[in-house]
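Report on one structure; see the data block that follows.
The values are calculated or read from the model by the stated rules, or taken from the named source; none is laboratory data. From a predicted model like this one, the values you see are computed outputs, not experimental measurements. So basically every Cβ, Gly included, is an ideal-geometry build from the backbone, and we count neighbours across all protein chains shown. Surface areas here come from the heavy atoms of the whole protein model, side chains and all, with no ligands, DNA or RNA. Shrake-Rupley method; radii C 1.70, N 1.55, O 1.52, S 1.80 Å.
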Amino acid sequence: MNSPKRLARIAGVLYLLVGIFGGFAEGFVDPKMYVAGNAAATAGNVVANSGLVRMGVVAHLLDGTFFVFLAMTLYILLQHVHKSVARAMLVLVAISTGITCLNAVFEFEGLRVATGAVNLAALGTAGSNALVLLLLDTQHYGTLIAQVFFGLWLVPLGYLAYKSSGMFPKWLGVLLIVGGVCSLVDLLALFLVPDFAQKITPDLPGTHHTFVGVIPPAIAEISMLVYLLVIGVKTVKTSKPEKSILDVLPSHV
């Protein structure tokens, strides 16, 4: 059996890998390729950076893989707190990862169309470019949908941390819950009332998310990551049982 501190450190490393590969794919590669509403520019970006697109697809898949292992490790660590909530955390991560990996297929197919690996001569250049944009458009909004569940998983994780009887500080659990709620509110606003969302809080530069949907979740996740890597978990001290009269009597009595 792995000790709680060892499991926490493993979770911290996995969380760091999720941040590295996810940040590279979603924060660097995807925005560099996708130009909303501009088929020619999107197709041109993909052709000019085909190697980077391939790296981005692999990064999405690795991000999803490490995310699943992270959730499994945290499940083992925290299932004793509340097994049903820990299972809910696993389910949300599985849904998010499944959507993310499916989105990578659309990105890869966009690359194949843009580079001529798929014969679409009948559509002409404009038609081919339009299909590239459609595929990357699907991948872009699919990623936003996946992030609904990526935000939601912070809520059960925060609950488990809050109720962990001292393994994690309560303030960290509260941060995670608030971060998950803010992420969900941001994404729902962007889909349902995008104009209103922009009036309340503008886009964070380089993303389609508002400050509300990025800053609180980022603070929560970075705090959890640092805590796992630096402290791990706090060992919960159990009080020693009181000695009875029989424990102090000589063994020959």
### Task
Return yes when ARG54 is among the basic types (Lys, Arg) and surrounded by 16 or more Cβ atoms within 10 Å (Cβ to Cβ) and no when it is not.
no
### Query
Name the residues in the range 130-147 that are over 24 Å from LEU188 (Cβ atoms) and crowded, with 21+ Cβ neighbours inside 10 Å, would you?
VAL132, LEU133, LEU135
### Task
Take ALA48 and decide whether it is surrounded by fewer than 17 Cβ atoms within 10 Å (Cβ to Cβ) and within 18 Å of ARG112 (Cα to Cα).
yes
### Query
Quick one: what pairs do we get from the range 135-147, first residue farther than 14 Å from MET33 by Cβ, second not β-branched (Val, Ile, Thr), C-beta under 6 Å, 6+ apart or different chains?
GLY142/ASN103; ALA146/SER96
### Task
Kindly check whether there is at least one residue in the range 147-166 that is farther than 30 Å from LYS234 by Cα and hydrophobic (A, V, I, L, M, F, W, C).
yes
#### Entry: helices (runs of 4 or more DSSP H) within the range 150-253 that include 3 or more residues surrounded by 14 or more Cβ atoms within 10 Å (Cβ to Cβ) and modelled with pLDDT of 85 or more
154-162, 170-192, 211-230
### Task
List the number of the failed condition for GLY51; all other conditions in (1) within 23 Å of PRO156 (Cα to Cα); (2) assigned to a helix (DSSP H, G or I) hold.
(1)
### Task
Could you tell me which numbered condition ILE99 fails, if it satisfies all but one of (1) in contact with a Ser or Thr (Cβ under 7 Å, 6 or more places away or on another chain); (2) closer than 19 Å to GLY23 by Cβ; (3) open to solvent by 30 Å² or more (accessible area, probe 1.4 Å)?
(1)
### Query
For the range 61-92, how many residues meet the condition of being over 23 Å from ALA25 (Cα atoms), in a helix (DSSP H, G or I), open to solvent by less than 70 Å² (accessible area, probe 1.4 Å) and touching a residue at least 40 places away in the same chain (Cβ under 8 Å)?
8
### Query
In the range 114-129, which residue that is in contact with a Ser or Thr (Cβ under 9 Å, 6 or more places away or on another chain) and touching a residue at least 24 places away in the same chain (Cβ under 8 Å) is most open to solvent (accessible area, probe 1.4 Å)?
THR115
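ALA41 - would you say it is open to solvent by less than 60 Å² (accessible area, probe 1.4 Å), free of Cβ contacts under 8 Å to residues at least 60 places away in the same chain, within 30 Å of ALA126 (Cβ to Cβ) and out of contact with any Lys or Arg (no Cβ under 9 Å at 6 or more places or on another chain)?
yes
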